[in-house]
1. When the residues of the stretch 72-85 are narrowed to those that are more than 12 Å from the chain's Cα centre (by Cα) and modelled with pLDDT of 85 or more, which ends up farthest from V33 (Cα to Cα)?
2. All but one of (1) assigned to a helix (DSSP H, G or I); (2) at pLDDT below 80; (3) β-branched (V, I, T) hold for I19, so report the exception by its number.
3. Could you tell me which residue of the stretch 33-92 is most open to solvent (accessible area, probe 1.4 Å), considering only residues that are hydrophobic (A, V, I, L, M, F, W, C) and part of a loop (DSSP other than H, G, I, E, B)?
4. Which pairs turn up if I take residues in the stretch 27-46 that are of a type in the set (D, E) and look for partners that are surrounded by 13 or more Cβ atoms within 10 Å (Cβ to Cβ) with beta carbon separation below 7 Å, at least 6 apart in sequence or on another chain?
Amino acid sequence: MSELKVHSGSLPHRGEALIEADDELMQDIEELVTSRFISINISGFIGSATPLLSKRLGFDPAVTAGPFETAFQDVIGTTVFLTIATLMLQWL
């Protein structure tokens, strides 16, 4: 079981927090942050490129972008998260 301690009273700036955590918890946090960073950037790029590509192909960008982007984010987000989790399991 991981333990997370947050201290905020002794820091010079209000609102900042010092987080002490064990290695297992930090690895979980790194996995989540890395996977979300990658999937958000990929989804942002595809979300910007889809309307441009659909307009070039003669389709209405407003109609094609919404469903495509939603499905793409679901697939890419899950795939990136599980891939990074699998890669990080090798270090355990």
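1. So in the stretch 72-85, the residues more than 12 Å from the chain's Cα centre (by Cα) come out as 72, 75, 83, 85.
Still in the running and modelled with pLDDT of 85 or more: 75, 83.
Working: V75: 18, T83: 13 Å.
In this case the residue turns out to be V75.
2. I19 satisfies every listed condition except (1).
3. So the first thing to find is which residues in the stretch 33-92 are hydrophobic (A, V, I, L, M, F, W, C), and the list is 33, 37-38, 40, 42, 45-46, 49, 52-53, 57, 59, 62-63, 65, 68, 71-72, 75-76, 80-82, 84-85, 87-89, 91-92.
Filter once more, so that each one left must be part of a loop (DSSP other than H, G, I, E, B): 57, 59, 91-92.
Numbers: L57: 114, F59: 121, W91: 190, L92: 141 Å².
Filtering first and then ranking leaves W91.
4. E31/I84; E31/A85; E31/M88
The values are calculated or read from the model by the stated rules, or taken from the named source; none is laboratory data. In this text, all values refer to a predicted model and were calculated from it rather than measured experimentally. Virtual Cβ from ideal backbone geometry, glycine too; neighbours counted across all protein chains shown. Ligands, DNA and RNA are excluded from the accessible area calculation, which covers all protein heavy atoms including side chains. Shrake-Rupley method; radii C 1.70, N 1.55, O 1.52, S 1.80 Å.
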